Amino acid sequence: MKKTLVALAAIASVTAYSQTTVSIIGNVDFAGARISGTQSGAKGNTFSTNQGTGTTSAIKFVASEDIGGGNKITGFYELDPRTWANDDYALTFNPTSNVSTAVSATATGMLRGEAYIQAEGGFGSIKLGAPNSSGFDAHAVTSPLGTGVGSGYAAASNTLTTTLVSTRYSRSLRYDSPVMNGLKASFTYAPGNDEAAFLGSTGTYTARWIPNARNVSEIGLNYSNGPLNAAVTNISTAYQDNVTGWYGATFGSTVVTSAAALATKATIGGLNYNLGNTTLYAGMGSGGSRATSTAATKSDYSRFAVKHSMGPVDLIAQYTRQANTTVSTGAKVQANVQGLRADYNLSKTSAVYFGYEKFDTGTVAATTNTTSGTRTITSVGLRKSF
C-alpha cells in the first residue's frame, strides 16, 4: 500500500509539472559602428552589442502554468548582457539585484533586464518584480526605432527621453486591466527606498550599491483598434529627503549633501497610424525632470517618425527634439536626435540593417572629454531573434 501511494504521488507530481510550459526566447544583435563627434568616446570604429545596434540583445526565460478557471501564472526572466555586476557589465542571473534603470547611460537605456511573476485572468494581469513601466509603453508606441540607434531614448543619461521615463523599476508592481473595445488601463507602482547608499572601504559612496529609486506611480491608457495605436502615461515621482539615497548621489565618489530631490510629475503620450505600407508616428512629453540634479528642471519633447515597407525592405526615419529648462534661471538647452534605419528582412526573425544617428546635446563641448557636443553613429548590423 505504501509503495502504491508513493507511485501515485510520483505520477501526480509528473502530471502537475507537465502543466507548466517553459520556453526560451531572445534576440542577438551585433553591429559594426563608426562613431565621430566632439563627445567623449565618439571616435573610431567598434563592433558591439551596445553602440549602433538596432535592438537590444537578451535571452528570456518564460515559464507559464494554467491553474484553472481561465487563470494563469507566469514567471519571466530576462538576461541582459549590460546588467551591472561587480563594477562591470556582465551576463548575470540575479533576481535580487538592486540595480535600476533610473540613471542609465547606456545606448538603449536597458541597464537592468525585465523580471517578474505574473498572475492573469479575467481580472486582467498583475506583475510583481521589475516589469516594463507604463511610461516605457507610451514611448514604444511612438518610436519605430525602439530604443536602438537613432531613437533618442537614451542617447545620453537624462538628456532625452530618459529624462522623463524609466524603462522599469526594481521591486515594483504593475496592474493591467482587461482590454475593452481596444482600450486598456495600466498602473505601475514602485515603493522606493530611502536607505542610505553603501559607504565603501575607501570612504566613498559606491554607486552600484545605491538602493532603488524614489517612490513612483504611473497611470497609463493604451488604445489599439484597427490602424490606430495610442498611449498616454502620467508619471509621479515622490520627494526624497534622504540626501544619501538614490537621487541624493551621483555616480562616482561625489555625494550631494546640500538639498533633497524634488517631487516631479510628467505626462507623455503619442500614437501611430497605419496607412498600409506606411505608418506615421507622433509623440510628445512634458514635465519635471527626474535627473539626479537638485535643481528643478522642466523638460518638453516631441517626436515624429515614418516607416515605409517595400517587400522585404523597411525604411525608417525619426526625429526627436527635447528642451530642458532650469526653472530658477530660465536657461534652456535644446537637444535633438536624427535617426535613420534601413532593414532588409532575411526572414521573419532575422535581418541585416544600416543605422544612422546624429545626436546633438545642444551645448558646445568645452573639451574632448565631455558628454556635451555632437555625436554621429553610422552602423551596419545583423540581428536574429528566436
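With respect to the cross-link table entries Lys43/Lys298; Lys184/Lys298; Lys265/Lys332; Lys265/Lys358; Lys127/Lys184; Lys307/Lys384, which display a Cα-Cα separation exceeding 25 Å? Please list the in-between numbers first.
Details: Lys43/Lys298 32 Å; Lys184/Lys298 29 Å; Lys265/Lys332 19 Å; Lys265/Lys358 29 Å; Lys127/Lys184 15 Å; Lys307/Lys384 20 Å.
In this structure, Lys43/Lys298; Lys184/Lys298; Lys265/Lys358 exceed 25 Å between Cα atoms.
Could you run the Karplus curve 6.51 cos²θ - 1.76 cosθ + 1.60 with θ = phi - 60° over the stretch 29-44 and give me ³J(HN,Hα) per residue in whole Hz, x for Gly and Pro?
9, 10, 9, x, 10, 10, 10, 8, x, 9, 6, 4, x, 9, 9, x
Readers should treat all values here as calculations from the given coordinates under stated rules, not as data from a laboratory. Not measured: the values here are computed from a predicted model.
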